[in-house]
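Engineer: Have a look at this one before I ask anything.
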Amino acid sequence: MNYQETLSFLYAQLPVFESQGAHAYKPGLERCEAMDELLGHPHRRYRTIHVAGTNGKGSTCHLLASILQSAGYRVGLFTSPHLVDFSERIRVDGEEIDHTYVVEWVKRWASSNDPSDDTSSLMRFQPSFFELATMLAFCYFADREVDVAVIEVGLGGRLDSTNIIHPVLSIITNISFDHTQFLGNTLPQIAAEKAGIMKPGVPCVIGECDDERVRFTFEQNAQLRQVSELDFACDRPQIPWVRHHTFFNIYETADDGTLQCPLCGDCQPRNANTVITAVHQLRRLGFTITPEALEQGFRRVVELTHLRGRWETLQTNADGTIRVLCDTGHNPGCFSYLGPQLHALHDAGHPLQIVFGMVSDKDISTVLRMLPPSNAEGAAVNYYWCNAPTPRALPAAQLAEQAASVGLHGQTYSSIDEALDAALLQPGIVFIGGSNYVVCEAMRRF
């Protein structure tokens, strides 16, 4: 099999949450623990940092990886989902996993020439796609002899397949409502699931926590799980001053000088505060991270790790102003930042052409209420409703119907390309969002 045939084999053989949703979700650690034992516990051959949370996990993971790379460490990075190609999920020093390695690893561990003798095949454990991807990442990092790997939780924490690791540092970025069918219907319930990544003797950084019930949940879990230190980053703000530019943020920090970062969404200062607090913990744990490495890690995060889709400009006008923007935010927590940013663009006089699609298991009505209405005074706001390219997508017609009930009006399109073609005929800024899948298709084009 070649690389594409290997991925097709895995997609066909394994339940994939991104396309199948709840049917493909397999909580619990038993399968990964069994596979890990068969593989010889590859994740024990390097240090790990474990990152959970509702939003901001990807930005936090990539910033940490960039800083550690800048400090001279060989760094593995495991994130999900991918936008364009599966290999984006698994990187070493920013470079995607070798396609040949994927093919050979699957041939060795996930397929068998003799169906009657599958004792050495991981498929006998009936893993999900994400579980198998997790084990592939752990093996790749071991074989590439990384010094440290930054591991993003897939969903939740306590029962996530990545939770077999014993990290040197745990990080929980924030808590808001998402995946409530799996994690619970209250913020404390969701927090308890995320707190499942806490480990005995391991410090844990909490990024954002403005709910006393959530704070109590974290404190209770930290005590029960014998965490060595619970560090609330929000209690000691590291960034007292932020200047927003069109294509980057400048942070004046309390102890670490001036930092410039190309991740310029309104949520990013809070992610940066979490990361700086985590870096302080890593220094206490013996990592050598100089001020120069911290500055370079922030400034070169996109270059070093190839992070995409965070309030990213995909196209500019001839005068350097923004023409096309995208963001992968897809839940109310994300749009509590993205909504005001879109309102601000409109209030500044920019006509908005918003290409939008969502999957059906998100809190769609809450997200829609955060978007600028079509009848807003001033510049035009037009919507182009489209189908996210996944079986979980909410059909564009149903999305348009829900949107109209809250004052968002536009046309429906059967494909993202058609929606983009129509949007690009109009003046102003084109924003693409609502789902990773919508942004992914736009990236293929741009």
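Engineer: Being in a loop (DSSP other than H, G, I, E, B), modelled with pLDDT of 95 or more and either over 27 Å from the mean Cα position of the chain (by Cα) or hydrophobic (A, V, I, L, M, F, W, C) (or both) is the filter here; which residues of the stretch 92-122 pass it?
Structural biologist: Within the stretch 92-122, just 97 meets the criteria.
Engineer: Let me ask another. Looking at 371, 394 in this structure, which one is crowded, with 23+ Cβ neighbours inside 10 Å and of a type outside the set (Asp, Glu)?
Structural biologist: Sole residue among the options that is crowded, with 23+ Cβ neighbours inside 10 Å and of a type outside the set (Asp, Glu): 371.
Engineer: Taking only the stretch 323-337 into account, find how many residues are of a type in the set (A, V, I, L, M, F, W, C) and at pLDDT 95 or above.
Structural biologist: So the count comes out to 3.
Engineer: So, one more: Being in a helix (DSSP H, G or I) and small (Gly, Ala, Ser) narrows it down to one residue among 142, 149; which is it?
Structural biologist: 142
Engineer: Tell me whether the stretch 66-75 contains one or more residues that are within 17 Å of the chain's Cα centre (by Cα) and either among the basic types (Lys, Arg) or within 29 Å of residue 288 (Cβ to Cβ) (or both).
Structural biologist: Scanning the stretch 66-75 turns up at least one residue that is within 17 Å of the chain's Cα centre (by Cα) and either among the basic types (Lys, Arg) or within 29 Å of residue 288 (Cβ to Cβ) (or both).
Engineer: Can you pull out the residues in the stretch 395-431 that are outside any helix (DSSP H, G or I), touching a strand residue (DSSP E or B) at 6+ places or on another chain (Cβ under 7 Å) and closer than 24 Å to residue 340 by Cβ?
Structural biologist: Selection gives 408, 409, 410, 426, 428, 429, 430, 431.
Engineer: Residues of the stretch 368-391 being in contact with a strand residue (DSSP E or B) (Cβ under 6 Å, 6 or more places away or on another chain), without any contact (Cβ under 8 Å) to a residue 40 or more places away in the chain and part of a loop (DSSP other than H, G, I, E, B), which ones?
Structural biologist: Once the filter is applied, which keeps residues that are in contact with a strand residue (DSSP E or B) (Cβ under 6 Å, 6 or more places away or on another chain), without any contact (Cβ under 8 Å) to a residue 40 or more places away in the chain and part of a loop (DSSP other than H, G, I, E, B), the stretch 368-391 yields 372, 374, 387.
Engineer: Restricting to the stretch 137-179, give me the number of residues that are closer than 19 Å to residue 274 by Cβ, at pLDDT 95 or above and not hydrophobic (A, V, I, L, M, F, W, C).
Structural biologist: Qualifying residue count, the stretch 137-179: 5.
Engineer: Among the residues of the stretch 306-341, which ones are part of a loop (DSSP other than H, G, I, E, B), of a type in the set (Gly, Ala, Ser) and either surrounded by fewer than 19 Cβ atoms within 10 Å (Cβ to Cβ) or out of contact with any helix residue (DSSP H, G or I) (no Cβ under 8 Å at 6 or more places or on another chain) (or both)?
Structural biologist: 318, 320 - these are the residues of the stretch 306-341 that are part of a loop (DSSP other than H, G, I, E, B), of a type in the set (Gly, Ala, Ser) and either surrounded by fewer than 19 Cβ atoms within 10 Å (Cβ to Cβ) or out of contact with any helix residue (DSSP H, G or I) (no Cβ under 8 Å at 6 or more places or on another chain) (or both).
Engineer: Only strands (runs of 3 or more DSSP E) wholly contained in the stretch 204-284 count here; list those with 1 or more residues that are over 22 Å from the mean Cα position of the chain (by Cα) and farther than 19 Å from residue 52 by Cβ.
Structural biologist: Where strands (runs of 3 or more DSSP E) fall fully within the stretch 204-284 and carry at least 1 residues being over 22 Å from the mean Cα position of the chain (by Cα) and farther than 19 Å from residue 52 by Cβ, they are 241-244, 249-252, 258-261.
Engineer: For residue 354, are the conditions met, namely being touching a Cys at 6+ places or on another chain (Cβ under 6 Å) and at pLDDT 95 or above?
Structural biologist: no
Engineer: Now for a separate question. For the stretch 397-423, what are the residues that are β-branched (Val, Ile, Thr), touching a Phe, Trp or Tyr at 6+ places or on another chain (Cβ under 9 Å) and surrounded by fewer than 23 Cβ atoms within 10 Å (Cβ to Cβ)?
Structural biologist: 412
Engineer: Would you mind telling me which numbered condition in (1) at negative phi; (2) touching a Gly at 6+ places or on another chain (Cβ under 8 Å); (3) among the aromatic types (Phe, Trp, Tyr) residue 287 fails?
Structural biologist: Single failed check for residue 287: (2).
Engineer: Right, something else. For residue 43, state whether it is part of a helix (DSSP H, G or I), under 15 Å from the mean Cα position of the chain (by Cα), at pLDDT 95 or above and in the same structural domain as residue 142 (by TED's automatic domain parsing).
Structural biologist: no
Engineer: Could you please let me know if residue 176 is in a strand (DSSP E or B), touching a helix residue (DSSP H, G or I) at 6+ places or on another chain (Cβ under 6 Å) and polar (S, T, N, Q)?
Structural biologist: Answer is no for this residue.
Engineer: Considering only the stretch 298-357, how many residues are of a type in the set (Val, Ile, Thr) and within 27 Å of residue 252 (Cβ to Cβ)?
Structural biologist: Within the stretch 298-357, residues that are of a type in the set (Val, Ile, Thr) and within 27 Å of residue 252 (Cβ to Cβ) number 6.
Engineer: Any chance you could count how many residues in the stretch 390-435 are farther than 23 Å from residue 376 by Cβ and at pLDDT 90 or above?
Structural biologist: 10
Engineer: Now, a different point. So for the stretch 231-242 (the condition being among the aromatic types (Phe, Trp, Tyr) and surrounded by 18 or more Cβ atoms within 10 Å (Cβ to Cβ)), does at least one residue qualify?
Structural biologist: Checked the stretch 231-242: no residue is among the aromatic types (Phe, Trp, Tyr) and surrounded by 18 or more Cβ atoms within 10 Å (Cβ to Cβ).
The values are calculated or read from the model by the stated rules, or taken from the named source; none is laboratory data. This one's a predicted model, so the numbers in the text were calculated from it and none came from an experiment. Every residue, glycine among them, receives a Cβ derived from its backbone with ideal geometry; neighbour counts consider all protein chains shown.
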